[in-house]
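*Asks:* Handing you this structure, nothing more for now.
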Amino acid sequence: TDLDKIRNFSIVAHIDHGKSTLADRLIQETNTVAVRDMKEQLLDSMDIERERGITIKANTVRIDYTADDGQDYVLNLIDTPGHVDFAYEVSRSMRAVEGSLLVVDSTQGVEAQTLANVYHALDADHEIVPVLNKIDLPASDCERVAEQIEDVIGIDASEAIQVSAKTGVGIRETLESIVKHLPAPKGDPDAPLKAMLVDSWYDSYLGVIVLVRVIDGRLKKGERVKFLSNGTVHHVDRIGVFRPAMAEIDSLGPGEIGFLTASIKQVRDTRVGDTITHQKSEVEALPGFKPAQPVVFCGLFPVDAAQFEDMRDSIDKLALNDASFSFEMETSAALGFGFRCGFLGLLHLEVIRDRIEREYDIDLITTAPSVIYDIHMKDGTVEQLHNPADMPDLTLVDHIEEPRIKATILVPDEYLGDVLKLCQDRRGLQLDLTYAGSRAMVVYDLPLNEVVFDFYDRLKSVTKGYASFDYQMIGYREDNLVKMSVLVNDEPVDALSMMVHRERAETRGRAMVEKLKELIPRHMFKIPIQAAIGGKVIARETLSAMRKDVTAKCYGGDATRKKKLLEKQKAGKKKMRQFGKVEIPQQAFINALKMD
Ligand code: GDP
Ligand code: MG
C-alpha cells in the first residue's frame, strides 16, 4: 500500500464514553466484518474486560475504506488499554500511530482519563480529531462539551464531529475526517527493517502473537528477525493483519501495522516498545524503551492448601502472557504456601486475582497490598522492601522512603469538599485546584501506599461515582514510616502486618484489633489481640472465652439437627486457618484489611 493511502490511529476516551462502540461502528460501516459475524464490542475479547467494560490488552483492526474522493484507504485502528495501571503500554502504543480520535461523551464532558489519555496522544505528536459521542441522548450538550475540550485540553474543537455510536449518526463523517485530518505515515521502504513491537499476547495454537508497526523497510514471512532489547533471533512463521480476525499476508511495508508469529513461547520475551530488525541489519533502537515495572505487591494464598499446586500452574500460565506481572513463592505462618505477586496497579491485581479464581476455580486469600519501600540502612546501603514481613531490624535502619504519586481528580463542585477531605486524610499535599465548567480539577501529591488500599472505592462512594481519577508516579520521599504487627494470642500474624505512618499507627492498629475481635470466633480460652510497633503494644482487645458447646442449645433432643450443625462446623473449618491454638476464618483476613 502507498504510504499516502494509509492512516494509523487510536481512540482515546474515558471509560464508558463509547470507545468500543465507536470502533464496532467503524468496522461495521466499512463492511470489515460480515453483518452475521457482528457481535457487540468486537474488540473487547476477554470476559473480564466485557464485564467491567475495560480494555486491558491493546487490540487492532485493519479497515479498508473507499473515501468520498474515490480513493481506497487502509485505516489501522489500535485499541489501547483504558486504565491508569497500563499507562506505560498506552504511551508506547500511541507511538505506533500518527493520530487519535478523542471521544468524549457529550452528556458527561471531559474526565480524568480523557485528560490522561489525550496527554499521551499529544506526547506522541498526534493529530487529534475530537468526536462528541452519544448525541442521541437528551442530556447531550455538544456546545458545552466542545468548549470544555478547548478550555481544559487546549485543542480546537470547533469542528468536532457529532456522533451517536449507538444509532450510527456521524460515523461516515468520522471516517472522512480520519482520511482528511490525520497525517499519512512516513517511512523508507529501501532502508533496513525497523519495526516497533506494539503489543504481544499468547495464543495456544500459534504461540506468542506479536503486533508490529513497520517504520522502515519490509518485513516478510520466512525471514529471521532480531529483537534489539535482548538480542534474541526468531524465524518468522507468519505475517498477517487483523480484520479483526487474523488474515495472513506475505509482508508488511512502511507505515503498516500487523502481526508476526515466530514460535515464541513466552510473552515475557517480547517487550512492548522494543525494536525489531533483520538478523543481519544494524539499526538504532527506538528511543525511550523500558520494561514496565510492578509497583504494587501482595500475597496470594489458596484458601484450600491442597490447591497450592493448581495455583502454581495457573500463575505460571498467566505469567506467560503478562510480562508485567511478577511472582515468587512465599510461605506465611498464618496462610501456608502461596505467592508474593507484583502488579502494575490495583486494577491489574484485581484482574489477575479474578482470573485465577474464575478460570482456574481457586479461592484465594489476598494480603494487604503494599508498595515498594526504599529502606536506607545505617551502613549506607538501600534495600527494597516488597513485603512488610521482611522489614529489617529497626536499629539498623536510618530512614524509609515511600513512592508518591501525582493524582488528578475531576469532580462536580458539590462533592469537592469530601474529595479534599479524603485526600487530606490520606496524607495528601494539594498541588492545584482549578475549575472547568461545573467541575473542579484537583491535583494532589499522595503516598501510593495510601491509594493502594481502597482509595478508588472511597472516592467512588464519597462522590456517588461522579469523580474520575488518574495518577502517575512522581518519585520517592522520606516519611515517618513504621511496620505495624498484629499478634493473636501472642503470636504475630505476618499476613496482617503492614507499613503505616507513625502518626496514624494507633488509629489503624485500634481499628484492626477491634475488627479482628468481631471477626475471630470465640474459642474455649481467652484470646488477646494486639497491634504492636517493634516490641511496643499500641492497641489491644481481648476476645473472651466461649462458655458452652455450640450444640448445647439443641438440648440433645434432636439428633439430626445436632449432626447437621456439626457437619456445618466441619465444612466451615476448611475455610479456617489454624494459627497457634487459634483458628481464624479466611474471611477475617479479607475483612480486617479493609479500612473504614
Ligand atoms: P468504552 O468504555 O469507552 O469502550 O465504552 P463502550 O463502548 O463500552 O460504551 C459504554 C456504554 O455507553 C455502553 O453501554 C454503550 O452501549 C453506551 N453507548 C456508547 N455509545 C453510545 C451512544 O452513542 N449513545 C448511547 N445512548 N449510548 C452509547
Ligand atoms: Mg471499551
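The values are calculated or read from the model by the stated rules, or taken from the named source; none is laboratory data. This structure is a prediction, so every number in the text was calculated from the model and none was measured. Cβ placement follows ideal geometry from the backbone for every residue including glycine, while neighbour counts extend to all protein chains displayed. SASA here: full protein model, heavy atoms, side chains in, ligands and nucleic acids out. Shrake-Rupley method; radii C 1.70, N 1.55, O 1.52, S 1.80 Å.
*Asks:* Check D105 against each of (1) open to solvent by less than 10 Å² (accessible area, probe 1.4 Å); (2) at pLDDT below 85 and name the one condition it does not meet.
*Replies:* It fails just one condition, (2).
*Asks:* Moving on. Which numbered condition trips up S263, out of (1) under 29 Å from I356 (Cβ atoms); (2) buried (at least 17 other Cβ atoms within 10 Å of the Cβ)?
*Replies:* Among (1) under 29 Å from I356 (Cβ atoms); (2) buried (at least 17 other Cβ atoms within 10 Å of the Cβ), the lone unmet condition for S263 is (2).
*Asks:* For residues in the range 97-137 being of a type in the set (G, A, S) and under 21 Å from the mean Cα position of the chain (by Cα), which is farthest from V214 (Cα to Cα)?
*Replies:* By that ranking, first place goes to A112.
*Asks:* May I pose another question? Can you pull out every residue in the range 519-546 that is under 39 Å from the mean Cα position of the chain (by Cα), part of a loop (DSSP other than H, G, I, E, B) and either of a type in the set (A, V, I, L, M, F, W, C) or surrounded by 19 or more Cβ atoms within 10 Å (Cβ to Cβ) (or both)?
*Replies:* I520
*Asks:* When you scan the range 219-248, how many residues do you find that are among the hydrophobic types (A, V, I, L, M, F, W, C), in a strand (DSSP E or B) and open to solvent by less than 50 Å² (accessible area, probe 1.4 Å)? Working first, answer last.
*Replies:* Residues of the range 219-248 among the hydrophobic types (A, V, I, L, M, F, W, C): 219, 225, 227-228, 233, 236, 239, 241-242, 245-247.
Still in the running and in a strand (DSSP E or B): 219, 225, 227, 233, 239, 241-242, 246-247.
Filter once more, keeping what is open to solvent by less than 50 Å² (accessible area, probe 1.4 Å): 219, 225, 227, 239, 241-242, 247.
Looking only at that region, the number is 7.
*Asks:* More than 26 Å from the chain's Cα centre (by Cα), charged (D, E, K, R) and farther than 27 Å from D72 by Cβ, is that true of D237? Quick ask: steps written out before the conclusion?
*Replies:* Details: more than 26 Å from the chain's Cα centre (by Cα): yes; charged (D, E, K, R): yes; farther than 27 Å from D72 by Cβ: yes.
For D237, the condition - more than 26 Å from the chain's Cα centre (by Cα), charged (D, E, K, R) and farther than 27 Å from D72 by Cβ - is met.
*Asks:* Filter the range 49-66 down to the residues that are open to solvent by 10 Å² or more (accessible area, probe 1.4 Å), modelled with pLDDT under 55 and away from ligand 2 (no atom under 11 Å from the Cβ), then identify the one that is farthest from the chain's Cα centre (by Cα).
*Replies:* E51
*Asks:* If I filter the range 16-23 for residues that are open to solvent by 10 Å² or more (accessible area, probe 1.4 Å) and modelled with pLDDT under 85, do I get at least one hit?
*Replies:* Scanning the range 16-23, I find no residue that is open to solvent by 10 Å² or more (accessible area, probe 1.4 Å) and modelled with pLDDT under 85, so the answer is no.
*Asks:* Another question, then. Going by the conditions given, is N133 buried (at least 24 other Cβ atoms within 10 Å of the Cβ), within 16 Å of ligand 2 (Cβ to nearest atom), modelled with pLDDT under 95 and not hydroxyl-bearing (S, T, Y)?
*Replies:* Answer is no for this residue.
*Asks:* Sticking with this one: All but one of (1) open to solvent by 20 Å² or more (accessible area, probe 1.4 Å); (2) not in a strand (DSSP E or B) hold for M512, so report the exception by its number.
*Replies:* Among (1) open to solvent by 20 Å² or more (accessible area, probe 1.4 Å); (2) not in a strand (DSSP E or B), the lone unmet condition for M512 is (1).
*Asks:* Scan (1) surrounded by fewer than 22 Cβ atoms within 10 Å (Cβ to Cβ); (2) of a type outside the set (A, V, I, L, M); (3) in contact (Cβ under 8 Å) with a residue 12 or more places away in the chain for the single condition E143 breaks and write down its number.
*Replies:* Here E143 meets the rest and fails (3).
*Asks:* Applying the selection to the range 332-348, what residues are open to solvent by 10 Å² or more (accessible area, probe 1.4 Å) and not in a strand (DSSP E or B)?
*Replies:* A333, L344, L346, L347
*Asks:* Just checking, which of V493, V452, V442 is surrounded by 16 or more Cβ atoms within 10 Å (Cβ to Cβ), in contact (Cβ under 8 Å) with a residue 60 or more places away in the chain and touching a Cys at 6+ places or on another chain (Cβ under 9 Å)?
*Replies:* On the way: V493 fails: touching a Cys at 6+ places or on another chain (Cβ under 9 Å); V442 fails: in contact (Cβ under 8 Å) with a residue 60 or more places away in the chain.
Unique residue meeting the criteria: V452.
*Asks:* Follow-up. Checking S461 against (1) assigned to a helix (DSSP H, G or I); (2) at pLDDT 95 or above; (3) hydroxyl-bearing (S, T, Y), which test does it fail?
*Replies:* Single failed check for S461: (2).
*Asks:* Still on this structure, I have one more. Just to check your reading of the model, which residue among E478, E383, E414 is in contact (Cβ under 8 Å) with a residue 60 or more places away in the chain and either surrounded by 13 or more Cβ atoms within 10 Å (Cβ to Cβ) or not hydroxyl-bearing (S, T, Y) (or both)?
*Replies:* Numbers: E383 fails: in contact (Cβ under 8 Å) with a residue 60 or more places away in the chain; E414 fails: in contact (Cβ under 8 Å) with a residue 60 or more places away in the chain.
Of E478, E383, E414, the one residue that is in contact (Cβ under 8 Å) with a residue 60 or more places away in the chain and either surrounded by 13 or more Cβ atoms within 10 Å (Cβ to Cβ) or not hydroxyl-bearing (S, T, Y) (or both) is E478.
*Asks:* Of everything in the range 109-130, what is away from ligand 2 (no atom under 16 Å from the Cβ), farther than 21 Å from L26 by Cβ and in contact with a Phe, Trp or Tyr (Cβ under 9 Å, 6 or more places away or on another chain)? Give them in sequence order.
*Replies:* Answer for the range 109-130, where residues must be away from ligand 2 (no atom under 16 Å from the Cβ), farther than 21 Å from L26 by Cβ and in contact with a Phe, Trp or Tyr (Cβ under 9 Å, 6 or more places away or on another chain): just A112.
*Asks:* Show the residue pairs that are 6+ apart or on different chains and have beta-carbon atoms under 7 Å apart, the first residue being within the range 157-173 and among the basic types (K, R), the second being in a helix (DSSP H, G or I).
*Replies:* As it stands, the answer is K166/T21; R172/E29, since those pairs meet every condition given.
*Asks:* Can you find, within the range 279-293, the residue that is nearest to the chain's Cα centre (by Cα) among those that are at pLDDT 85 or above, of a type outside the set (S, T, Y) and open to solvent by less than 40 Å² (accessible area, probe 1.4 Å)?
*Replies:* L286
*Asks:* Does D361 satisfy being part of a loop (DSSP other than H, G, I, E, B) and closer than 22 Å to F589 by Cα?
*Replies:* yes
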